[in-house]
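Chemist: One structure, as structure tokens, below. Some questions next.
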Amino acid sequence: MAAFEQLYDRYSAALYALLLRIVGIPQSAQEALEETFVEVRQNADRFDPLRGSEAAWLISIARRRGIERLRARPVPSRAADPMQLAYFDGLSPSEISERLSEPVDRVRDSMQLEMRKLRDRLRALRQ
Amino acid sequence: MTHDEFESIAALDALGAASAEEESALRQHMETCDSCRRARDEFVEAASLMARDLDSVAAPAEARQRTMENAENVEVGETTLAEAHRRFAFRPWWLATAALLFLFLWGWRELGIRAAREKIASRDAEINQLTIENARLGEQVARLSREASELAPPGTKSFAVSAPPVVSARVSINPQGQALLTITGAPPNTYKLWVIQLEQPKPQNVATFEVGRSGQKTIPLQRLPPLKSIKAFSLTAR
């Protein structure tokens, strides 16, 4: 349990910020945070260090929990960037296309390009 | 679908923006394609940078309290994250694979070394055999040479012939001017005997002949210049 508490203390602030950004409501963000850590505790043996970092694994669980809550009780988003709309609001390329009045293909191309930029940034950070 | 196309889908999938069909095709492909699976994992890691860019917000203390209480009551996975790290390092299959690989490489190396040693030993034995044979032939040549000298009539002039390595040759000329060439240890080949005269710079070919597998030959020489003009003999192989 001590290791779990350390894990919570190390990542809870970052995950809470992410959940607040996604669901927009503190109470809902706290509940999602609790669900996230419970899931982490239940599925710790599924974490594979070869496939990615501990932080990325926790973030992916928290994001999924947040998006599930957001879909149950949507909160209007003011984002105008396809990447933000996909990652924080869980919108599909066609929904983003409608929202931004852009062709779907252009939205997808833009997202793929931005993801490659993020990957380059990650590689630079690793070096 | 090409790997590049799967990589583009992996970029969208990391954002949760791939279609259900694309996601399914990618999952299926990743089961057999390590490079695309690694590309997808890297995109997931890259996407997490968007979350990490947010300013941290401390969660309320009661959230921590509730999380710990809930965590106490849940059925815990086999291990904690830290243990997952450790378990990975000591996974039995991982160790077994590494051990098997090590044994295979070690065995392969040992077999290679053993074969090389046997080859060297075989060559050493061959060299020893040839050295003994060479010494025996050398003794035989010396003995034959002595016998020829003893049998030759008084006044016979004998020339050691300059010859290729391992070939021993001698020209004997008796007082009547009869000449005899004896050769031993010559590999099978066609040879030429040349005479070098005192005042004749150009060597003169006086005999051309074959030597068979025996390596020995004795031939009379007919066309020699006068004995007093002979400086030396030389034997060449074709």
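The values are calculated or read from the model by the stated rules, or taken from the named source; none is laboratory data. For clarity, every value in this text was computed on a predicted model and none was experimentally measured. Neighbour counts run over all protein chains shown; Cβ positions are idealised from the backbone, glycine included.
Chemist: So if I check each of B:69, B:31, which one is at pLDDT below 95 and more than 56 Å from the chain's Cα centre (by Cα)?
Modeler: None of the other options fit; the residue is B:69.
Chemist: Acidic (Asp, Glu) and modelled with pLDDT of 95 or more: does that describe residue B:110?
Modeler: no
Chemist: Run down B:27, B:52, B:40, B:64 and say which single residue is on the phi < 0 side of the Ramachandran plot, among the charged types (D, E, K, R) and in contact with a helix residue (DSSP H, G or I) (Cβ under 6 Å, 6 or more places away or on another chain).
Modeler: B:40
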